[in-house]
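First comes the structure, then the notes that go with it.
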Amino acid sequence: MRRPTLGLWALLVSALPAAAAAQAGSSPADRTLARDIFRELIEINTTDSLGNTPRAARAMARRLAAAGFPAADVRVLIGPDATHGNLVARYRGTGTGGRPIIVFAHLDVVPARRADWSVDPFVFLEQDGYFYGRGTTDDKVGDAILVADFVRLKRAGFKPTRDLILVLTGDEETAGSCIQWLVTEHRDLLDGEFALNTDAGGGVLRDGRRVMFVVQASEKVYATYALEATDKGGHSSLPRPADNPVYRLAPALERLATYQFPVKLNEVSRAFFEQSAAIETGQLADDMRGILRDPPDSAAVARLSAVPFYNSKLRTTCVATLVEAGHAENALPQSARVTVNCRILPGEPASEVEATLRALAADDRIAIRTIYAAIPSPPSPLTRAIMGPIEKLVAEQFPNVPIVPVMEAGATDGLFLRNAGIPTYGVSAVFEEQNDVRAHGRDERLSVRSFYDALDFWYRMMQALAGAQSPS
């Protein structure tokens, strides 16, 4: 893994004043552009089964071409199969400022049923200060911001000293095969020194008040397992409770529901709790300091574990997400299967997690197999070369909001860039209410203000990190 050098840090800091000159907020025309791109993306249903990500990639390519980007620098890449589309676009710099910076998002979204929502999930709606629609927070907001800001920078005549590489992928919400394919088959197009992810990090709101700006430097490892029990079945009028696969799985699920993996803090999660303790007050601050002790305070662990947001930072988690059983209402089930999704701490062997699931099953008649194998995700170093410029920009746009490093509980395409030796940082800059995160859920929405604030932040951040050519 290549680490930014001290020379790069000096270069980035020196570039900040040049970026500051362009720091007036976005104009009404800029906002209209970004909103129109956002609408266009939301209204292309990119649920994986429909195969529409090529359409979305082409739509964004047309936006960039219309802004004057050369055709050779705007590549729509269909792969790893015909149903998945990706966009890789390059904003050319002079090359005097170092290797390129990758900025990325994903075009696909998780399914959304109209019957579950109070509004149509695939019709862009602005209402009561929010934008509604599937992907408004995960992650068409990132696509729209990156494309809109590339267009804005081009129109403004910005001349960076290093290239910016825009990457929009087609299946982050499912297999992550698109970013793997790009890294493997088109590594020359992804020759970045480091990457900035719109799909991680971000701002935390509490009752509308900004409380922290989070930068993601590591993420948990995604793994999925199936626990399955089988039997010969038979007529439902002749039940055999001891042989019923549904009943066999039930005790295992009860044990899984109450089990907690041990608390394990790493560099990033420890820094998160240390810095959060300085921000919080009362019992919450005391508990955060309590878990940093050796050994951790058990009462503090119990209280923080009761809050999903903090619990996910403390330990590996496994949860049942799908249940399938039986084939007819008047027949004994021949099989029962539960899908268990795990988010594993970086550095914790997946084999240990699987062994724990076997222990919880406590039944040799329950088969356990891997559905999605864990892929290690090494943390990215929190160097001054990365954090310094971000801290300066946050202080300018969001005064008195502290920056806190975080280990993301979810998985992103950043996993595969990290494994390719490209340090990756989640800096979405989108502020959301901590207790009202609707990604993957019903009535997904994003504050209009948060959208435009993030649009401006990324515009400034890309200028600051990519540098600006000195006037001749």
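The values are calculated or read from the model by the stated rules, or taken from the named source; none is laboratory data. Owing to the predicted nature of the structure, the values given are computational and were not obtained by experimental measurement. So basically every Cβ, Gly included, is an ideal-geometry build from the backbone, and we count neighbours across all protein chains shown. The area values use the complete protein model at the heavy-atom level, side chains included, leaving out ligands, DNA and RNA. Shrake-Rupley method; radii C 1.70, N 1.55, O 1.52, S 1.80 Å.
Could you work out the local net charge near ARG337, counting Lys and Arg as +1, Asp and Glu as -1, over the other residues with Cβ closer than 9 Å to its Cβ?
Its environment carries a net charge of -2.
Using the beta-carbon distance between GLU185 and ARG293 and R0 = 51 Å, what value does 1/(1 + (r/R0)^6) give for FRET efficiency, to the nearest 0.05? The partial results should precede the final answer.
Numbers: r = 48 Å, r/R0 = 0.95.
Given R0 = 51 Å and the Cβ-Cβ separation, E is 0.60.
Roughly how far apart, in whole Å, are the Cα centres of the stretch 377-392 and the stretch 411-455?
17 Å
Can you list which of the trypsin sites (Lys or Arg not before Pro) found in the stretch 338-401 are DSSP loop residues with at most 16 other C-beta atoms within 10 Å?
Within the stretch 338-401, the qualifying trypsin sites (Lys or Arg not before Pro) (loop, at most 16 other Cβ atoms within 10 Å) are ARG365.
Carbon and sulfur: what percent of the stretch 238-381's accessible surface (1.4 Å probe)?
Values: 4180 of 7570 Å².
Ligands and nucleic acids excluded, carbon and sulfur reach 55 percent.
Kindly report the accessible area of the chain per residue (heavy atoms of protein chains, probe 1.4 Å, no ligands, DNA or RNA), in Å².
So the chain comes to 42 Å² accessible per residue, rounded to a whole number.
Rank by packing, highest mean first: peptides 193-203, 265-275, with packing defined as the count of other Cβ atoms within 10 Å averaged across residues.
193-203, 265-275
Residue farthest toward the positive end of the dipole of the chain, with Cβ of Lys/Arg at +1 and Asp/Glu at -1: which of THR198, LEU417, PHE457?
The Cα lying farthest towards the positive end belongs to PHE457.
Return the percentage of antiparallel bridges among DSSP beta bridges fully within the chain, rounded to the nearest 5 %.
On the way: 47 of 70 bridges.
Antiparallel: roughly 65 percent of the beta bridges in the chain.
What's the lysine pair count for the chain at a Cα cut-off below 22 Å, pairs eight or more apart or interchain?
5
What dipole magnitude, in Debye to the nearest 20, does the chain give about its Cα centre under +1 on Lys/Arg Cβ and -1 on Asp/Glu Cβ? Intermediate results must be reported in sequence, preceding the final value.
Working: 51 positive and 56 negative charges, 197 e Å.
Its charge dipole is roughly 940 debye.
Using a Förster radius of 51 Å, what is the FRET efficiency between ASP73 and ALA226 based on their Cβ-Cβ separation? Nearest 0.05, please.
Values: r = 44 Å, r/R0 = 0.86.
The calculated FRET efficiency here is 0.70.
So between THR174 and LEU50, what do we pick up on full extension, going 0.36 nm a residue minus the alpha carbon distance?
Values: separation 124, 0.36 × 124 = 44.64 nm, distance 1.29 nm.
This chain segment gains 43.3 nm when fully extended.
Given a Förster radius of 22 Å and the C-beta distance between ARG92 and ASN419 as r, what FRET efficiency does 1/(1 + (r/R0)^6) yield to the nearest 0.05?
Between ARG92 and ASN419 the formula returns 0.20.
In the chain, which cysteines lack any other cysteine Cβ under 4.7 Å from their own?
CYS178
Just the number, please: carbon plus sulfur as a percent of the accessible area of the stretch 382-436, 1.4 Å probe, no ligands or DNA/RNA counted.
Taking all protein chains in place, the stretch 382-436 shows 47 percent carbon and sulfur surface.
Roughly speaking, what is the centre-to-centre gap between the stretch 224-266 and the stretch 289-336 when only Cα atoms are used, to the nearest Å?
Comparing the Cα centres of the stretch 224-266 and the stretch 289-336, I get a distance of 15 Å.
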